[in-house]
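The values are calculated or read from the model by the stated rules, or taken from the named source; none is laboratory data. Because the structure is predicted, anything quoted here is derived from the model rather than measured. Here Cβ is always computed from backbone atoms with ideal geometry, including for glycine, and neighbour counts include all displayed protein chains. Side chains are part of the model used for accessible areas, which takes the heavy atoms of the whole protein and leaves out ligands, DNA and RNA. Shrake-Rupley method; radii C 1.70, N 1.55, O 1.52, S 1.80 Å.
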Amino acid sequence: MRSFINDTIISPEKEKIEDLVFKDLDLSLFPHTGTGSSIHPVIPIQSNIEDVFWSSSYHKRSRNGSLGSSQIQENQVSSYDPPVMPSQTFFQRKRNFCRNFSQKRAKFWNHSKTSYSHTASGHGADSSNSHRSKDHNVSEGSQIPDENMTVIYYHSDNSIDNHMDSDVEGNDGDDNSNSDKDSCEVRMDLTEDLLHMVFSFLSHRDLCKAGSTCKQWHSASTHEDFWRSLNFKNVNITPENFAAICRRYPNATLVNVLGVPHFNVLVMEATSSLRKLESLSFGKGQGILDDGIFHSITECHYLKSLIIDDAALGNVSQEITIQHSTLCDLKIIKCRALRISVRCPRLQNLSLKRSSMGHAILICPQLHVLNISSCHKLSDAGIRSATATCPLLISLDMSFCSNVSDETLREIAFTCPNLQILDASYCPNISLESVRLPMLRDLKLHSCEGISTASVTSISHSYMLEALQLDCCSLLTSVSLDLPHLQSISLVHCRKFVDLNIRSPAFSSIKVSNCPILRRIIISSNALKKLVLQKQESLSILSLQCHSLQEVDLTDCESLKNSVCDIFSDGGGCPMLQSLILDNCESLTKVALRSSSLVNLSLVGCRAVVALELSCLNLQQVHLDGCDHLERALFCPVGLWSLNLGICPKLSFLQIEAGNMLALELQGCGILSEATINCPRLMSLDASFCSQLKDDSLSAIAISCPDINSLILSSCLSIGYDGLSSLHSLHCLTLLDLSYTFLVDLQPVFETCSQLKILRLMACKYLTNSSLDALYKEDALPALRELDLSYSTIGQSAIKGLLSWCTNLTNVNLNGCANLHDLIWSLSNNLLSIGSTSTSLPLEDHNDIFSYPGRLLETLNCVGCPNIKKVVIPRSAQCFHLSKLNLHLSANLKEVDISCPKLNLLNLSHCVALEILKLHCPKLAVLIIVDCIMMTEEAVEIAITNCSSLETLNLQHCTKIYAMNLESLRLACPSLKRIHSSSLWE
């Protein structure tokens with residue numbers, strides 16, 4: 001390893017130390033030039049000239065600049081001098097490279113006055129001239145400079161430029177003048193304190209790697225501050241190496257040799273060499289710890305912490321004594337011994353966890369924490385004797401000690417009056433009867449089979465108790481505690497538990513789960529903020545006096561009665577309640593809440609609720625999904641911003657008073673006949689499928705909610721002329737949906753809804769051609785932009801009038817209109833009209849066609865119109881804004897001729913009769929002609945020739961278009977990017 005640190009070794013002793021410290025370092029991480037003591041690693045740096053290497057070693061130079069492989073043998077000295085410079089251009093590039101390197105990378109500095117740059121270009125080597133008298137040993141397989149390698153010694157000042165300039169002029173250099181110059185030493189320009197701070201974050205292994213870089217880094221990495229903690233956990237370090245390190249760093253304060261083979265030898269070395277040792281950890285190795293090791297530990301006068309893990313202490317008949325005057329923390333974990341004697345007057349923390357011993361003697365008058373959990377062989381008498389001499393004991397963990405009894409607990413309560421923390425979990429023989437622990441603060445009795453209701457009486461005498469854990473106590477039936485400091489209680493998997501009564505002003509946390517027969521809970525607390533009692537199927541009585549309670553979750557408490565609502569109403573004991581979750585409480589039939597603090601209410605899955613009465617002024621969210629038996633609902637008053645009643649098919653009466661409500665959804669309330677809605681700020685009302693909603697209810701809603709701008713009355717079959725007439729109160733109405741109604745006369749809509757922008761009349765089977773006369777004859781609804789007449793029975797003449805005269809429409813839906821025949825646009829007497837089934841279309845050629853303002857139509861949907869056979873839209877139709885045309889599923893469509901300057905998408909899929917396609921659409925980007933089985937590739941090629949922006953063409957299932965001819969389509973339309981032809985025939 002000395003090959004990594006070379007000149008940084010100051011003395012033979014230090015050289016040996018370095019060899020020991022870095023012995024485990026993976027040398028393959030550093031490519032190097034050899035194994036001799038003076039050969040250093042070289043780090044490759046890629047450049048655009050050739051492979052460039054830089055190194056901190058002292059390289060030798062040959063006069064011709066190369067090393068022949070035949071001239072280099074194992075253990076033979078090789079040297080080389082700077083070569084003859086081939087050209088000025090080459091070294092000019094070298095100089096620029098060095099200048100850029102010094103500007104863009106970290107700064108470097110050296111002690112030499114000059115530096116060299118040369119290229120190996122030959123095979124001979126002159127070993128007589130050397131840069132230094134010290135030999136360089138090169139072993140077999142070492143990486144050496146070859147004819148393609150350039151070695152550069154970087155310098156931070158301008159001397160390199162001067163040297164290069166002199167070489168360019170042809171000066172080979174004076175060997176005598178160069179022989180006495182020091183080689184370049186590369187260092188990072190970092191201050192010692194900055195480097196010290198950076199290295200403080202490194203592990204020992206990383207410090208070793210960093211120390212092999214350069215002299216400065218080596219000096220910084222071996223600083224004593226980084227080696228005060230000798231952590232060799234699970235490291236296979238030899239005793240010789242460990243001893244050398246201990247001698248190198250005698251002031252180390254921490255040693256960890258856990259998992260190290262023969263750790264006993266290392267412990268002996270550490271205790272004898274490190275006089276300031278404060279923490280020692282060992283174990284998990286081979287060998288038996290005898291008295292000699294524990295005697296050597298007594299010589300460490302500064303030792304405060306000792307950890308022994310998984311070790312054999314002495315032989316089968318030997319008693320181990322641990323005696324120390326300054327030891328404060330002792331952990332003997334998972335160790336095997338016959339008897340253990342601990343005599344440490346200042347010991348405060350002792351752990352014997354999982355150790356196998358029959359007896360323990362403790363002479364520790366200052367002991368505060370004792371852990372003897374899982375000491376299965378420790379007898380009941382052994383536990384008593386161990387704790388008898390620890391009067392200051394505060395925390396005791398005796399979990400999994402199956403031999404402990406109530407007698408031992410009574411003895412502990414007498415000898416340790418200050419005991420505050422007790423963990424007696426998994427102790428089957430204790431019941432706590434007649435045990436008094438007045439200072440106890442934390443008690444854990446998990447899975448104690450002897451704990452019953454009588455045990456709770458003893459617990460009640462622990463007036464300072466703050467936390468109580470009674471999980472899996474199978475005999476426990478009830479808990480009644482009145483403790484002023486109790487903060488938390490846990491009752492999980494108590495199969496026989498029935499009753500819980502807690503009175504504590506500091507009570508703030510409760511965990512009750514899987515108590516199948518729990519029927520009553522009474523809690524009185526000023527600190528409890530959240531109560532979660534999920535899946536308590538038998539819980540029927542709940543009493544709460546919790547003035548700080550804010551969240552309650554009673555999900556799946558199937559036995560709760562209607563009276564539970566009184567607890568959460570004003571005056572019920574929870575004045576600050578904000579969130580109440582009663583999901584899947586299937587016994588609730590009526591929910592009546594009057595609360596000034598409630599914000600969130602969830603009744604999801606409460607299928608038995610038939611009446612809902614909420615008077616919660618600050619209520620903002622209500623979830624009623626699954627309340628499908630709700631018949632009567634009152635929200636008076638509430639602070640809701642929106643309300644969705646979901647599907648309530650039995651709801652017949654609804655009353656809402658909400659000054660902040662903006663959106664109301666009543667879809668699915670099929671028999672709702674009486675609705676009183678007083679929401680002055682309401683903007684959106686969806687009453688879809690409210691088939692029993694009457695005209696008078698609609699009139700009252702329109703008067704009390706004048707700001708409605710979106711009204712959906714789809715499938716409201718009982719709405720008639722009077723109901724539509726009441727819409728005059730809605731001055732802001734912009735969207736009206738009357739789909740699936742039996743309306744015949746729309747005159748009230750045309751007269752009162754002057755601001756209407758969207759009108760939906762889907763599947764209005766009773767509308768006639770005259771029903772829409774006011775739209776295109778009387779210029780009704782001048783602001784109308786979207787009209788949906790899908791699946792209606794209006795005829796060709798009405799459609800003709802709408803498309804001809806309603807020029808302000810931007811979106812028209814005529815899907816499924818069986819009475820729509822040919823869609824032929826013509827210009828007659830300078831007025832646009834829809835033609836009939838004429839096969840020839842006379843079009844007038846207007847030179848100034850764009851001088852007309854044209855129509856605003858952007859989207860026209862004619863999906864599934866079975867009687868359309870021909871669609872012709874010429875430029876003279878002035879459809880300057882039409883961007884989307886959908887003729888999908890028009891089975892009888894045969895001819896399409898369209899000239900629209902802004903058409904972007906044309907869908908002709910499944911038009912199985914389509915034969916003629918003419919397009920003059922320069923902005924068309926997507927053309928879909930899926931399953932047009934009559935279309936030929938010639939027709940498609942002609943159609944797309946005039947579509948200069950076409951990018952996507954979908955030809956799937958077009959049986960007359962073959963994949964082998966797709967190239968002709970790309971030639972016809974160079975802008976094509978995607979042709980979908982996954983199902984094309986070959």
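Structure data summary
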| item | result |
| --- | --- |
| Cα gyration tensor category, rounded, prolate or oblate, for the range 288-373 with a/c compared to 1.5 | oblate |
| The range 604-660-the range 438-453 distance, computed between alpha-carbon centres (Å) | 46 |
| Sulfur and carbon atoms: percent of accessible area, the range 290-383 [1.4 Å] | 52 |
| Net lengthening on full extension, GLU551/LEU194 (0.36 nm per residue, minus Cα-Cα) | 123.2 nm |
| Of LYS444/LYS535; LYS377/LYS496; LYS233/LYS304, pairs whose Cα-Cα distance is over 30 Å | LYS377/LYS496 |
| Relative contact order [Cα under 8 Å, 6+ residues apart], the range 669-717, whole percent | 48 |
| Sequence-separation-based contact order of the range 681-811, relative, with Cα cut under 8 Å and 6+ spacing, percent | 19 |
| Shape category assigned to the range 856-986 from the gyration tensor of Cα positions, a/c cut at 1.5 | oblate |
| Relative contact order (%) - the range 183-270, alpha-carbon pairs under 8 angstrom, separation at least six | 24 |
| Accessible-area value, TRP641, 1.4 Å probe, nucleic acids and ligands omitted, Å² | 110 |
| Heavy-atom accessible surface of the range 852-986: percent carbon and sulfur, 1.4 Å | 54 |
| Simple Cβ-charge dipole of the range 570-719, Lys/Arg +1 and Asp/Glu -1, about Cα centre, in debye nearest 20 | 140 |
| GLN692 versus ASN946: modelled label distance in nm, points set 7 Å from Cα along the beta carbon direction | 6.1 |
| Probe 1.4 Å, protein heavy atoms only - accessible area per residue of the range 507-567 in square angstrom | 43 |
| Among the listed pairs LYS511/LYS590; LYS757/LYS870; LYS511/LYS561, those beyond 25 Å (Cα-Cα) | LYS511/LYS590; LYS757/LYS870 |
| Cα gyration tensor, the range 747-796 - rounded (a/c under 1.5), prolate or oblate | prolate |
| Gain on full stretching of the segment that runs from HIS376 to GLU915 - 0.36 nm per residue minus C-alpha separation | 184.8 nm |
| Solvent-accessible area per residue, Å², over the range 361-500 with all protein chains present [probe radius 1.4 Å] | 38 |
| Accessible surface of the range 606-728, 1.4 Å probe, proportion on carbon and sulfur as whole % | 53 |
| Rounded accessible area per residue of the range 664-737, 1.4 Å, Å² | 37 |
| Over 19 Å (Cα to Cα) - which of LYS918/LYS977; LYS284/LYS334; LYS869/LYS960 fall in this group | LYS918/LYS977; LYS869/LYS960 |
| Computed magnitude of the charge dipole of the range 320-402 (debye, nearest 20; Cβ of K, R +1, Cβ of D, E -1) | 260 |
